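Below is one structure, written out as structure tokens; the observations come after it.
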Amino acid sequence: MEVVKGRSLLFDAARRIYRNRLAMIMFVILFIYILMALYSVFNIGNIYNLATSHIEDVNRSFIPPFQDKSAPFGTDIFGRNVLYRAVYGSKISMYLGFLTILIEIPIAIIMGALAGYYGGFIDDAIQYLMSIIYSVPGLIIILAFILLVGPSFLTIALAFALTGWVGLARVIRGAFMQAKEFEYVLAARTLGAKDGRIIFKHILPNVFHYVIISAILTFAGVIMSEVLLAYLGLSIVGVPTWGTMIADASQEVSAGRWQNFIGAVPFIWLFILALNLIGDALRDALDPRLRNL
Amino acid sequence: MINYIIRKLINLIPTLLGCMIIFFLLFNVIGGQDKVLYNMLSPKSRTPQQIATLRHQLGLDKPLFLQYLDYVKQAATMDFGKSLAKKQRIADLIKRCVPVSLSVTFPPFIFDFLISTALALLCAFYRGKFIDKIITVFATIFMAFPYLALIIIAQSFLAAKWRIFPISGWGFGIERIKYLILPWILITFSNVGGSVRYYRTVFVEEVNKDYVRTAKAKGLSTRKIMYTHVFKNALIPILTAVIMSIPGLLLGALLTERFFSIPGIGDLTVTAVTSYDLPVLKAMVVVYTLFFIFFSLITDISYSIVDPRVKLS
């Protein structure tokens with residue numbers, strides 16, 4: 001007798017993503033960004049110095065793009081190579097994105113799980129908190145918070161995480177409310193599983209695709225918002241970020257200086273594009289309901 | 001229905017009070033009043049006496065609890081005193097800025113809705129085909145493009161180089177439209193990508209439901225199924241997204257207003273944040289939250305109109 005071996009959800013999802021050519025290309029792009037970030041993290045070729053130190057030579061200032069081989073995208077007002085700055089910017093964006101996710105996702109999971117699983121008073125209290133944070137003007141709070149505490153990786157990430165966790169928490173709460181009525185949860189409880197085990201080992205894996213997709217969208221959202229912060233002068237100071245470069249460009253393009261723009265925009269654009277498309281592919285691959293679309 | 005609305009309106013109060021507590025904590029516990037007061041004053045007048053006077057003037061020398069009560073009183077009477085930066089009554093400022101912001105954000109909101117619905121229906125109609133793919137790809141590409149970069153490109157080419165639109169500015173009456181066309185186009189462009197993708201998901205999900213198969217089985221044309229059945233049902237999630245984006249319209253398009261020097265709420269907010277104009281920020285938080293809660297109430301009510309299964313109770 002032939003035994004048909006079942007495929008796990010993860011294996012199945014990996015197989016579908018592997019077949020999705022566009023998603024694979026985007027994963028390769030993401031990998032390149034990770035390499036660039038690592039390149040900056042380990043400071044290979046002293047990229048930090050190249051990207052930040054001012055060159056005391058007027059002739060090196062504002063070299064137009066596509067002319068000098070050593071600086072293909074040109075140099076900025078201080079003679080810094082725009083390409084190096086953009087590459088270094090991928091490290092900053094990764095840090096910001098990951099830090100925000102690391103703070104936001106646990107809050108969302110814990111709040112959503114507690115509210116959905118226990119219900120009653122805990123649910124009421126958390127729902128009240130969520131409705132407040134949902135109704136408060138997030139942007140004003142984010143701007144005010146960063147302005148008061150001062151811009152740094154942690155403050156920016158905290159500001160976005162503390163105002164942004166509600167969306168995911170609501171989805172998780174709903175999913176937990178449904179899931180706790182299912183037989184497999186009853187079965188687990190009959191076998192003597194404690195609440196913590198049921199929440200984290202049994203129910204959470206079933207809603208984890210929401211978490212992954214929300215994490216990716218948060219990541220993209222923070223990087224896009226960093227541009228706004230930079231324009232208002234509230235982004236991290238002293239390191240080249242994509243936002244700072246675009247904000248600088250907004251002052252420079254009227255004088256015909258496109259270097260910062262040409263350096264930063266393709267980098268941020270391709271990165272956000274890759275994140276969005278990977279998010280789409282993961283949603284299609286992980287959500288069994290969308291199988292036959 | 002009336003009962004429901006009244007109960008919702010009563011529920012609104014604790015939410016608003018909570019939002020005010022968050023803002024209050026932000027400025028009094030995390031930020032520290034001293035920093036705010038210090039930055040509120042002009043560099044020349046940052047003497048201890050001046051700071052003490054300002055503290056007294058704003059009522060910040062009272063106990064925290066009383067300060068919060070003051071804030072609640074201000075919110076109840078909608079009288080937030082004067083702006084420190086602009087030396088005008090805040091109620092007047094807001095009254096003047098809201099219509100300006102609406103004139104910036106409302107037309108793109110309508111364009112966005114119409115264009116996105118049309119494109120998304122097209123996608124759902126030809127799903128999986130070439131036209132669906134090309135629209136989705138373009139929507140995704142547009143969505144990923146940073147808005148600030150879009151403004152920079154448009155301003156330097158359409159306005160500065162080719163002189164199709166004025167670069168920035170603001171006028172009186174009908175003259176304003178001249179300055180508004182470019183912002184309208186830009187806001188629409190920046191929003192359509194995301195909306196098309198969202199609407200398409202909603203439509204496609206709807207198309208795959210059983211009732212569509214039933215309708216097909218009884219011989220209805222695809223056109224009829226799409227426009228009368230699918231469209232109506234898909235309207236419910238779309239309605240939520242659309243209505244809940246209205247409070248954002250009132251808050252204005254922050255970057256757009258700054259860039260095109262349009263004196264709207266977004267501009268007012270940014271100025272208030274960067275000049276530590278505490279009274280204006282306090283007012284903005286209350287006004288925005290009120291709008292937001294009001295429109296979520298409207299969403300609930302419109303559900304009961306669109307979807308007969310939803311009963312307000």
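In this structure, does A:Lys91 turn out to be out of contact with any Asp or Glu (no Cβ under 9 Å at 6 or more places or on another chain), away from chain B (no Cβ under 14 Å) and open to solvent by 50 Å² or more (accessible area, probe 1.4 Å)? Show your work before the answer.
Details: out of contact with any Asp or Glu (no Cβ under 9 Å at 6 or more places or on another chain): yes; away from chain B (no Cβ under 14 Å): yes; open to solvent by 50 Å² or more (accessible area, probe 1.4 Å): no.
The answer is no for A:Lys91.
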Within the range B:32-44, can you find the residues that are surrounded by 12 or more Cβ atoms within 10 Å (Cβ to Cβ) and part of a helix (DSSP H, G or I)?
B:Gln33, B:Lys35, B:Val36, B:Leu37, B:Tyr38, B:Asn39, B:Met40
Return the residue satisfying two criteria in turn: it lies in the range A:70-82 and is in contact (Cβ under 8 Å) with a residue 12 or more places away in the chain and either closer than 26 Å to A:Ile203 by Cβ or in contact with a strand residue (DSSP E or B) (Cβ under 9 Å, 6 or more places away or on another chain) (or both), and of such residues it is most open to solvent (accessible area, probe 1.4 Å).
A:Phe73
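Which is modelled with pLDDT of 90 or more and surrounded by fewer than 21 Cβ atoms within 10 Å (Cβ to Cβ), of A:Leu204, A:Leu162, A:Leu186, A:Leu168? Walk me through how you get there before you give the answer.
Numbers: A:Leu204 fails: modelled with pLDDT of 90 or more; A:Leu186 fails: modelled with pLDDT of 90 or more; A:Leu168 fails: surrounded by fewer than 21 Cβ atoms within 10 Å (Cβ to Cβ).
One residue alone meets the criteria, A:Leu162.
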Within the range A:50-69, residues being open to solvent by 70 Å² or more (accessible area, probe 1.4 Å) and not charged (D, E, K, R) number 7
Just a yes or no: is a residue in the range A:137-154 farther than 27 Å from A:Pro205 by Cβ, touching a Cys at 6+ places or on another chain (Cβ under 9 Å) and of a type in the set (Gly, Ala, Ser)?
no
Residue satisfying all of: in the range A:42-82; touching an Asp or Glu at 6+ places or on another chain (Cβ under 8 Å), part of a loop (DSSP other than H, G, I, E, B) and not small (Gly, Ala, Ser); nearest to A:Leu270 (Cα to Cα) among these
A:Asp76
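Would you mention how many residues in the range A:171-183 are closer than 21 Å to A:Gly120 by Cβ and open to solvent by 100 Å² or more (accessible area, probe 1.4 Å)?
3
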Positions within the range B:259-311 being at the interface with another protein chain (Cβ under 10 Å from one of its Cβ atoms), free of Cβ contacts under 8 Å to residues at least 24 places away in the same chain and either polar (S, T, N, Q) or farther than 21 Å from B:Pro247 by Cβ (or both), in sequence order
B:Thr269, B:Thr274
Please verify whether B:Phe106 is open to solvent by 40 Å² or more (accessible area, probe 1.4 Å) and without any contact (Cβ under 8 Å) to a residue 40 or more places away in the chain, treating the condition exactly as stated.
no
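Specify which of the listed residues (B:Pro237, B:Pro308) is surrounded by fewer than 20 Cβ atoms within 10 Å (Cβ to Cβ) and in contact with a helix residue (DSSP H, G or I) (Cβ under 7 Å, 6 or more places away or on another chain). If you could, list the steps in order and put the result at the bottom.
Numbers: B:Pro308 fails: in contact with a helix residue (DSSP H, G or I) (Cβ under 7 Å, 6 or more places away or on another chain).
It is B:Pro237.
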Quick one: would you say B:Gly219 is of a type outside the set (Val, Ile, Thr) and at positive phi?
yes
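So which helices (runs of 4 or more DSSP H) are wholly in the range B:139-239 and hold at least 1 residues that are in contact (Cβ under 8 Å) with a residue 60 or more places away in the chain?
Numbers: elements: B:147-154, B:176-207, B:210-217.
Qualifying helices (runs of 4 or more DSSP H): B:147-154, B:176-207.
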Of everything in the range A:245-274, what is among the aromatic types (Phe, Trp, Tyr) and open to solvent by 10 Å² or more (accessible area, probe 1.4 Å)? Give them in sequence order.
A:Trp258, A:Phe261, A:Phe267, A:Trp269
Would you mind finding the one in B:Asp300, B:Asp267 that is charged (D, E, K, R) and either modelled with pLDDT under 85 or surrounded by fewer than 17 Cβ atoms within 10 Å (Cβ to Cβ) (or both)?
B:Asp300
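Taking the stated definitions as given, is B:Val29 open to solvent by 80 Å² or more (accessible area, probe 1.4 Å), under 31 Å from the mean Cα position of the chain (by Cα) and within 11 Å of chain A (Cβ to nearest Cβ)? First the steps, then the outcome.
Working: open to solvent by 80 Å² or more (accessible area, probe 1.4 Å): yes; under 31 Å from the mean Cα position of the chain (by Cα): yes; within 11 Å of chain A (Cβ to nearest Cβ): yes.
Yes; evaluated as a whole, the condition is true for this residue.
Limited to the range B:1-16, what total is found for residues that are surrounded by fewer than 16 Cβ atoms within 10 Å (Cβ to Cβ) and in contact with a helix residue (DSSP H, G or I) (Cβ under 9 Å, 6 or more places away or on another chain)?
Quick first cut of the range B:1-16, residues surrounded by fewer than 16 Cβ atoms within 10 Å (Cβ to Cβ) only: B:1-7, B:9-11, B:13-14.
Next cut, in contact with a helix residue (DSSP H, G or I) (Cβ under 9 Å, 6 or more places away or on another chain) only: B:1, B:4-5, B:9, B:11, B:14.
Residues flagged as surrounded by fewer than 16 Cβ atoms within 10 Å (Cβ to Cβ) and in contact with a helix residue (DSSP H, G or I) (Cβ under 9 Å, 6 or more places away or on another chain) within the range B:1-16 amount to 6.
For every residue, the table says whether it meets (1) open to solvent by less than 10 Å² (accessible area, probe 1.4 Å); (2) at the interface with chain B (Cβ under 10 Å from one of its Cβ atoms); (3) of a type in the set (A, V, I, L, M, F, W, C).
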{"position": "A:Gly116", "(1), (2), (3)": "yes, no, no"}
{"position": "A:Asp124", "(1), (2), (3)": "no, no, no"}
{"position": "A:Met130", "(1), (2), (3)": "yes, no, yes"}
{"position": "A:Gly138", "(1), (2), (3)": "no, yes, no"}
{"position": "A:Phe145", "(1), (2), (3)": "no, yes, yes"}
{"position": "A:Ile156", "(1), (2), (3)": "yes, no, yes"}
Of the residues in the range B:86-101, those that are crowded, with 17+ Cβ neighbours inside 10 Å and among the hydrophobic types (A, V, I, L, M, F, W, C) come to B:Ile90, B:Leu93, B:Ile94, B:Cys97, B:Val98, B:Val100
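The values are calculated or read from the model by the stated rules, or taken from the named source; none is laboratory data. A quick note: this is a predicted structure, and the numbers were derived from the prediction, not measured. Cβ coordinates were reconstructed from backbone atoms using ideal geometry, including for glycine residues, and neighbour counts include every protein chain displayed. Quick note on the areas: whole protein, heavy atoms, side chains included, nothing else; ligands and nucleic acids left out. Shrake-Rupley method; radii C 1.70, N 1.55, O 1.52, S 1.80 Å.
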